[in-house]
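Participant: The structure's right below; bear with me while I get my questions together.
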There are 2 protein chains.
Amino acid sequence: MMTYRPLFFITGLVLSKMAFFMYFPMLLAFFGNTLGSIEFFFAILITHIASAIFLYLGGEKQRSHLGVREMFLLTTGVWLLSSLFAALPFVLIEHISYSDAFFETMSGITTTGSTVLHGLDTMQPSILLWRSILQWLGGVGFIVMGVAILPFLNVGGMRLFQTESSDWSEKASAKTRSVAMDILIVYLCLTICCFIGYRFSGMGNFDAINHAMTTISTGGYSTSDSSMGNFSHFAHWNAALFMFLGGLPFLLLIRAAHQRTLEPLWRDAQIQGFVKIVLVCAISLSLYLTMTGQFSWADAIRLSVFNVISVITTTGFGLDDFLTWGDFSVIIFAGLLFTGACSGSTSGGIKIFRFQIGFSLFKRQLMLLMHPHALFPQKYNNRKVSDDIVRSLISFLMAYMLTVAVSTLLLTLFGSSAAVSLTASITAVSNVGPGLVESIGPSGNFADLPSASKWVLSFGMLMGRLEILTVAVMLTRHFWKR
Amino acid sequence: MMTYRPLFFITGLVLSKMAFFMYFPMLLAFFGNTLGSIEFFFAILITHIASAIFLYLGGEKQRSHLGVREMFLLTTGVWLLSSLFAALPFVLIEHISYSDAFFETMSGITTTGSTVLHGLDTMQPSILLWRSILQWLGGVGFIVMGVAILPFLNVGGMRLFQTESSDWSEKASAKTRSVAMDILIVYLCLTICCFIGYRFSGMGNFDAINHAMTTISTGGYSTSDSSMGNFSHFAHWNAALFMFLGGLPFLLLIRAAHQRTLEPLWRDAQIQGFVKIVLVCAISLSLYLTMTGQFSWADAIRLSVFNVISVITTTGFGLDDFLTWGDFSVIIFAGLLFTGACSGSTSGGIKIFRFQIGFSLFKRQLMLLMHPHALFPQKYNNRKVSDDIVRSLISFLMAYMLTVAVSTLLLTLFGSSAAVSLTASITAVSNVGPGLVESIGPSGNFADLPSASKWVLSFGMLMGRLEILTVAVMLTRHFWKR
Ligand SMILES: [K+]
Ligand SMILES: [K+]
C-alpha cells in the first residue's frame, strides 16, 4: 500500500520554498514601483496556505522509508504541484488564462523556454524575474534530482553514471546531501560568473541577472522579444560559453573544482563527444553560411556557434532566425533538437551518452559481422556497458518516440499542421523551446495554439524533464494496484 | 585475403539469369508489334557477354568455402551489378539518362517503387513489363536472401528467426535449397492468385499480370500514372489482400501450406502485431475521414485500409492522395513510412518485430522500475530475447537513423527542401516509394530531383533492402584490410 503522509510532508516543504522565491519578484515590484507586489503577495499567501495544509496532512517529520513507488509519485507530484502554484502570478498580473499560465510555468520550470507571452520588452519586471527564477530553480532542481533520485530508480540507463552503491543508508543520504550542496555552490558560482560576463558585455543589471539565470539553466527565457538579438557580440559569446558549461555534467565540474584541474573534463567520453558534435556542426554551418553568401566569416562563425550550442544544450535562445538559413541548416537543427547535451547537466533531450553507446554498439556489430566468434568487450568511460544499460537504453528511446508520437497525433487532432505538431512535440519533450516552423520557431510564439495543445505540450515537457520513464511508470495500471 | 574467383562465378550466374528474364519483354515487344525488341536484344547481348566474362574470370565451378567477408561482398555486389545491366533497356528505349535509368532499376529491384518516368499510360508495354519483372525478382530475391544468407550473418537481430543451427554444412545447404524452392512455389502461387483476383476485378490481362507481380513483391510500380485509381473497388480490395499477404513471413506461409492450417499464422507474435497495427490505423483513419466529412463510410474504409496496408507493407501503391486528407493522416502515414511489415516478407522498413521487442523492453523496464529486484524473463514468440538480439537491434536502429540522416543532409545540399529530403530519404531506405511532400508524394514523381540526389537515394534503397548493416560493413576500413 502507498503511504501518502511523507509525500504530503515533502510536498509541503517544497511549496514553502516555492513561496519563499516569490518574495524576490514581490520586493522588486514593491521597491521598483512597478506592478505586481500585491499580486505576488496573494500568490505567496495562497502557496503558504497550501504548503501549511500539506505539512499538516503530512504530520510530524517522519523518518519512514519511502518505497520505490512513493519516490516516483513524489518526484512527479512535486514538479506538478509546484507548477500549479507558481502559475498564479501570471494569471494575476498578466491576466492570461490559467492554461496559458500553466504552460508558461511548466515551460519555465522544466527549462524548456517556449513562451506564450508577447511584448516582453515592456513587461512588468516582476514577471520577467519570476520567469527567470523558475528556470533557474528548475535547472538546479533537475541536476539534484538526477544525482539524488534518478540513479536509484535506474531510469533510462543513468546507473552508468553512479559513483557509489545505491543503497538508501544514512551514510549514502548524508553523502547525497553534501553532493547536492556542492552542486548548488557550483551552480551559483557559474550564475555569478555569467552575470559578470553579461555586465561586461554592456547589459544592464536587470537584463544580466535574468539572462544569467536562464543561460546557466539552459532555459532560454529572455527579457526581450528579440531574445539575444538585442545585445552585443560579446554577450553572444558569453551566452555561448555559459550555455556550453550548463551542458556539462555538474558532478565532473565539481570534481574539477575540487582537484583544481580540468583533467576530469577532458578525459570524459561524453564531454569529448559533446565538443566534437558542436565543432562538426558549427564548422559545417559556418562553411555553409559563408559559401552561400549569407553572412561574413565572422558573423557566420558567431551565429553558428551560438545557435548550435543553444539548440544542442536545449537552451533555445534566439539569435537571428536559423529557419531562414536554408534547408541544410534546418536539418542540422532538426537533428540537434533531440540530441541534448551531457547527462547530469541542466540540458534535456536524449543526451549524448545514449547516442555514443548506440553508435559504439553499431560499430561493434560491424566488427562482429566480420568476426562472428571474436569477443569485443564494450566499455564507456572505462565502465563495462552492461546488458542492463543496453536494455534500458532501448526502452528510453521507445518511450521517447512514443511520447513524441502521441503528443504529435493529439496536436494534429486539435488542428495544428503536421510540421508544427511534430516539432512542437519534439521541442517540448526535449525541453528545447523553439520549434522548426516559423510560427513557433526562434522568432515565433506558442500563444496561438489551442488550449488543449498547451496542456498536452506541458505534460510533454514534464515527461521530458523527468526522463519520461519516471512519469510513464505512473501511467501503468500495475503502479496503482494495492 | 579475399578470394574473388567464386564471387565472379556466382555474379556471372546471376547475370545470366537476369539476361534470361529480359527475353520476356523482348518477346512481348516482338509479338505485340510494339517498340523495344531490338533494344532488349542488345541489352540481353551485353548482359550475356558480361555474364560470360564473369564466368570466365570465375573459372571452374568451385566448392570452395566462402568466408564471411566474401558473403557480404557477394550480396551487395550481385544486387549492384544486376542493377547496372538491368538499367540498359530504360536508356535504350526511353532515352533517359543513365542516372535516371539506374534510379528506376534500383527502385524496381529493391521493390521501392519510386519512379522517374512520366506517362506510364502510353508507355511501351515492354518497358512496363520489365519494371514489374524487376520488382517481382527483387521481392523473391530478398526473401530468399533473408532465409539463406542474412541469418548466418546475423544482421540486425534476424537470428531470432532462425530455425536451424547456422552452419554451412552440406546438409544445411541442401535444406536451404529446398526452403528456397518452397518460397519460390508459394511466391508463384500467390502471384497467380493475385492475377486471377485482378482479372475478376475487371483488369485486362496485361494490367493484371503487371500489378500481380508488383503487388505480391510489395513493389508498387503501376502501369498507370494514376496507379490504382484507374481500377475498380474490387481491384483495390484484391490489392489490399495481396499486399497484406506479401507482408507476411514467407516461412510461416510455407509451414501453413504444409500443415494445411492457418494456425502457425495466428500464433505468430509478429503477425498479431501486424494485424493490430493495421486495424488500429485503418479504424482511426476511417473515423477521421468520415467525421471530417471528407468521404462516405464505405469510401473511407476502403481508402484507409488500402493506403494503410500499402504504406506499412512498403508497397506504395497510390489510391487517392492521402497527403490531402489533413495533418492527422499525414502523421499516421509518416509513422507507417518506417514501420514496415513482418521480417521474412518482401516488405522493407524497420520491421514490426523490432518495434515489438523495443516496446516489450519498455514495458519490462517499467515493471523493473517498480520491482528492481524481480526477474522478468523476456520472450518473443516463445524464444528468449537474448542480449545479443537486443544489442544488434539497437545497432540496426542507429544504422537506420544514420543512413537517413546522411542521405537527408546530402539531399538538402543538392538543393531539395528539408521536408522533401527527409521523406525521400526515409521512403528510399524503407523501400516504400512515395514521400510525404506533394512533389514526391503518392501523385508525385522523382524525376525533378538532381542526378546526384538520385544516386544517393539509389544507394539508400540498396542499403535499406540489404538491412543496412550488410552494406555498412563494407564501408569500414577494417573490411578491406588484408
Ligand atoms: K530550453
Ligand atoms: K515499395
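The values are calculated or read from the model by the stated rules, or taken from the named source; none is laboratory data. Since we're looking at a predicted model, the values are computed, not measured. Counting neighbours? That spans all protein chains shown, and the Cβs are built from the backbone with ideal geometry, glycine included. The protein model used for the area step is the full one, side chains on, heavy atoms only, and it has no ligands, DNA or RNA in it. Shrake-Rupley method; radii C 1.70, N 1.55, O 1.52, S 1.80 Å.
Participant: How would A:VAL68, A:VAL404 line up by accessible area, probe 1.4 Å, largest first? Mind dumping the intermediate values first?
Facilitator: Numbers: A:VAL68 45, A:VAL404 15 Å².
The residues order as A:VAL68, A:VAL404, largest area first.
Participant: Compare B:HIS478, A:HIS373 by solvent-accessible area with a 1.4 Å probe and give them largest first, with all protein chains kept in place. Please list the in-between numbers first.
Facilitator: Details: B:HIS478 60, A:HIS373 175 Å².
Result of the area sort, largest leading: A:HIS373, B:HIS478.
Participant: Next question, about the same structure. Quick one: how many Å² of A:ASP388 are accessible to a 1.4 Å probe, rounded to 10?
Facilitator: Rounded to the nearest 10, that gives 80 Å².
Participant: Treat each spin label as a single point 7 Å out from the Cα along the C-beta direction, and report the B:TRP237 to B:LYS379 distance in nm.
Facilitator: Output for this residue pair reads 3.8 nm.
Participant: Another question, then. Note the distances from B:LEU57 to each other copy's matching label point, with points 7 Å along the Cα-to-beta-carbon direction, in nm, sorted shortest first.
Facilitator: Once sorted, the set of distances for B:LEU57 reads 7.8 nm.
Participant: Heads up, I need the accessible area for B:ASP100: 1.4 angstrom probe, whole protein in place, Å², nearest 10.
Facilitator: Answer for B:ASP100: close to 20 Å² accessible.
Participant: Indicate the residues belonging to the range B:284-331 that lose 20 Å² or more of solvent-accessible heavy-atom surface (probe 1.4 Å) upon moving from the chain alone to the assembly of all protein chains, ignoring ligands and nucleic acids.
Facilitator: So the qualifying set is B:ASP327, B:PHE328, B:ILE331.
Participant: Here's another thing I want to ask about it. Report the A-B buried area as the accessible area lost on both sides summed, probe 1.4 Å, in Å² to the nearest 100.
Facilitator: Working: alone 21320 and 21320 Å², together 37980 Å².
About 4600 Å² of accessible surface is lost on pairing.
Participant: Each label point is 7 Å from the Cα along the Cα-to-Cβ direction; what then is the distance between the points at B:PHE31 and B:THR324, in nm?
Facilitator: Each label point is offset 7 Å from its Cα along the Cβ direction, giving 4.1 nm.
Participant: Taking 4 °C and 1.567 mPa s as the conditions, I'd like the Stokes-Einstein D for chain B in µm²/s, using the Kirkwood hydrodynamic radius from alpha carbon pairs.
Facilitator: Working: Rh = 22.9 Å.
The calculation lands on 57 µm²/s.
Participant: Enter the accessible area of B:TYR4 (Å², nearest 10), with the probe set to 1.4 Å and all protein chains included.
Facilitator: Its heavy atoms expose roughly 100 Å² to the probe.
Participant: I want to verify the translational diffusion coefficient of the protein assembly as shown in µm²/s; compute it with Stokes-Einstein, Rh as the Kirkwood radius over Cα pairs, at 4 °C and 1.567 mPa s. Mind showing how you got there, number by number?
Facilitator: Numbers: Rh = 30.0 Å.
Using the Kirkwood radius from Cα pairs, D works out to 43 µm²/s.
Participant: Using a 1.4 Å probe over the heavy atoms of the protein chains, calculate the carbon and sulfur portion of the accessible area of chain A as a whole percent. Before the final figure, lay out the partial values.
Facilitator: On the way: 12800 of 18990 Å².
Using a 1.4 Å probe with all protein chains present, chain A comes out at 67 percent carbon and sulfur.
Participant: Which FRET efficiency value, to the nearest 0.05, do you get for A:ILE185 and A:TRP266 by plugging their Cβ-Cβ distance into 1/(1 + (r/R0)^6) with R0 = 30 Å? Let's see the in-between values first.
Facilitator: On the way: r = 23 Å, r/R0 = 0.75.
The computed FRET efficiency comes out at 0.85.
Participant: For the range A:380-480, divide the Cα radius of gyration by the Kirkwood radius and give the resulting Rg/Rh value with two decimals. Mind showing how you got there, number by number?
Facilitator: Numbers: Rg = 15.6 Å, Rh = 14.6 Å.
That ratio is 1.07, to two decimals.
Participant: Okay, moving on. Show A:LEU184, B:LEU361 ordered by accessible area, largest first, where the area counts protein heavy atoms only and the probe is 1.4 Å.
Facilitator: Details: A:LEU184 75, B:LEU361 0 Å².
Sorted descending by solvent-accessible area, the residues read A:LEU184, B:LEU361.
Participant: B:ASN230 versus B:LEU475, label points 7 Å from Cα toward the beta carbon: distance in nm?
Facilitator: 3.7
Participant: Can you compute the FRET efficiency between B:ILE49 and A:ASP388 using 1/(1 + (r/R0)^6), with r the Cβ-Cβ distance and R0 = 60 Å? Round to the nearest 0.05. List each step's numbers first, then the result.
Facilitator: Values: r = 58 Å, r/R0 = 0.96.
The computed FRET efficiency comes out at 0.55.
Participant: Find the percent of Cα-Cα distances in the range B:255-296 that exceed 14 Å, and round it to a whole number. Working shown, then result.
Facilitator: Details: 533 of 861 pairs.
Considering the range B:255-296, 62 percent of its Cα-Cα pairs are separated by more than 14 Å.
Participant: On to the next question. Go ahead and collect, in residue order, the members of the range A:323-346 whose backbone nitrogen is under 11 Å from a label point 7 Å along the Cα-Cβ direction of A:GLN294.
Facilitator: A:323-333
Participant: Please turn the phi angles of the range B:42-59 into ³J(HN,Hα) values with the Karplus equation 6.51 cos²θ - 1.76 cosθ + 1.60 (θ = phi - 60°), one per residue in order, whole Hz, x for glycine and proline.
Facilitator: 5, 4, 5, 4, 4, 5, 4, 4, 4, 4, 4, 4, 4, 4, 5, 5, x, x
Participant: For the range A:1-95, what is the largest minus smallest coordinate of the Cα atoms on each principal axis, given in angstrom and ordered from greatest to least?
Facilitator: Its Cα atoms span 51, 23, 15 Å along the three principal axes.
Participant: Which ³J(HN,Hα) values in Hz, rounded to whole numbers, follow from the phi angles of the range A:464-479 under the Karplus curve 6.51 cos²θ - 1.76 cosθ + 1.60, where θ = phi - 60° and Gly and Pro get x?
Facilitator: x, 5, 9, 6, 6, 4, 4, 8, 4, 4, 7, 8, 8, 5, 4, 4
Participant: Could you calculate the contour length gain from B:LYS175 to B:ASN205, that is, 0.36 nm times the residue separation minus the distance between their Cα atoms, to one decimal place in nm?
Facilitator: Numbers: separation 30, 0.36 × 30 = 10.80 nm, distance 3.66 nm.
Between B:LYS175 and B:ASN205, full extension yields 7.1 nm more.
Participant: Then there is this: Between B:ILE192 and B:LEU13, what FRET efficiency comes out of the Förster formula 1/(1 + (r/R0)^6) with R0 = 30 Å and r the beta carbon distance, rounded to 0.05? List each step's numbers first, then the result.
Facilitator: On the way: r = 27 Å, r/R0 = 0.88.
My answer for the efficiency is 0.70.
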